[in-house]
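Since the structure comes first, as structure tokens, the remarks are kept for the end.
Just so it is clear, none of the values below were taken in a lab; they were calculated from the coordinates. Predicted, not measured: the structure shown is a model, and the values here were computed from it. Please note: Cβ atoms are built from the backbone with ideal geometry, for glycine as well, and neighbour counts cover all protein chains shown.
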Amino acid sequence: MNLGTLTLPKTAALAPMAGLGDRAFREICAEMGACYVVGEMASSKGLTYGSAKTAQLLEIGKAERPCALQLFGDEPLTMAKAARVSLGYAPDALDINMGCPAPKISGSGSGSALMKDLPLAGEIIRAVAEAAGRVPVTVKMRKGWDDGSVNAVQAALLARKSGAAAVTVHGRTRVQIYAPPVDLSIIARVKQALDIPVIGNGDVCSVQDAERMYQVTGCDLVMVGRGALGAPWLFRQIDAYFRKGRRLPDPEPEERMAVMLRHIERACGYKGEHRAMREARAHAGHYFKGWPGAAELRRRAGKLETFDDLEALARFALDKSLRLKGE
């Protein structure tokens with residue numbers, strides 16, 4: 001898939017995930033084979049008002065490239081200003097959020113609420129594309145706002161007309177949030193209607209899911225979000241399958257814990273132990289998915305305070321796994 005000067009292999013990209021897809025996690029996913037990553041959504045108003053906290057979301061490390069920065073907002077001029085601020089961080093692309101279902105985002109007219117106001121969405125995309133210059137602009141959207149307003153095809157065509165270089169479609173409406181199963185047919189319809197790349201998103205949690213997304217929708221690239229939480233090696237498995245036809249097994253418990261520790265240790269380096277370890281509680285819970293005694297491990301993860309606590313929890317989990325294997 002071509003995106004500006006980028007040529008991305010037909011494997012899998014990491015979706016933006018607020019509060020979870022930080023620099024440390026993006027780097028781990030890139031190391032594991034993600035061909036492209038998108039940062040956490042940043043408030044256009046926060047950037048233009050000089051918020052240091054928002055600006056931190058724009059920091060990009062060499063280990064995570066190619067990387068796009070995602071912006072959200074409901075004012076064309078503010079979004080354009082935020083785009084110019086973002087260019088100072090040398091992103092490989094800028095992404096416009098038209099898909100976030102969170103009430104505090106969509107309730108203010110941003111995110112998926114733009115699916116209800118396509119003329120405004122077009123103005124925003126045009127303003128950002130003009131501000132971005134040679135940096136490609138992409139748009140991440142949903143199927144529509146609700147079942148009575150499924151308009152992803154119209155929104156995607158408008159995005160193309162307004163200067164978008166590619167669109168990502170999550171096959172659910174805003175009302176559906178993350179259930180029921182993703183609708184692949186709407187992604188296929190968008191792909192058929194557009195002459196720019198279309199990225200398919202939603203419910204990709206395995207190599208088989210990625211293969212089905214490609215086969216059913218004809219999309220140019222698959223984007224993985226929640227399926228990578230606690231399992232960044234999914235990108236390695238997808239990459240091995242689509243590049244070499246190899247099916248890699250899930251990692252052994254020892255590697256799972258080693259990846260988790262490397263991930264959280266890196267987060268501590270970027271954010272400081274206090275903040276990183278509170279955020280690590282959610283990540284650790286995901287790494288223990290499917291583990292023997294997962295409920296107890298998640299409970300313990302919810303009380304993590306220090307990196308030493310996490311190392312102790314990893315040892316406890318491995319000891320428990322080994323004991324169960326020996327029984």
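Couple of notes before you dig in:
- Selection from Ser206, Gln56, Met32, by position along the positive dipole direction of the chain (Cβ): Ser206
- Exposed-site-free run, longest, the chain (rule: trypsin sites (Lys or Arg not before Pro); DSSP loop; at most 16 other C-beta within 10 Å): 11-133
- Within the chain, the selection of entire DSSP H helices by a Cα span of 18 Å or greater along the long axis and an average Kyte-Doolittle value of at least -1.0 returns 118-132, 253-271, 307-326.
- The orientation-averaged projection of the convex hull spanning the C-alpha atoms of segment 2-244 amounts to 11.3 square nanometres.
- Counting beta carbons within 10 Å around each of Ser162, Ser44, Ser51 and listing the fewest first gives the order Ser51, Ser162, Ser44.
- Candidate cross-link partners of Lys244 among the lysines, defined by an alpha-carbon separation under 18 Å and a same-chain spacing of 8 or more, comprise Lys10.
- For segment 105-167 and segment 179-207, distance of Cα centres in Å: 16 Å
- DSSP-defined beta bridges in the chain - what % are antiparallel, rounded to 5: 10 percent
- Straight Cα distances below 20 angstrom link Lys303 to the lysines Lys271, Lys289, Lys320, with same-chain residues fewer than 8 positions distant left out.
- Residues Glu252, Glu311, sorted so that the one with the fewest Cβ neighbours within 10 Å comes first: Glu252, Glu311
- Ranked list, fewest to most other Cβ atoms within 10 Å of each Cβ, for Phe235, Phe242: Phe242, Phe235
- Span from the segment 37-65 Cα centroid across to the segment 227-301 one, whole angstrom: 23 Å
- Taking Cβ atoms as reference points and 12 Å as the exclusive limit, the residues near Val204 contribute a net charge of -1, counting Lys and Arg as +1 and Asp and Glu as -1.
- Cβ-defined net charge surrounding Ala55, 15 Å radius [Lys, Arg +1; Asp, Glu -1]: +3
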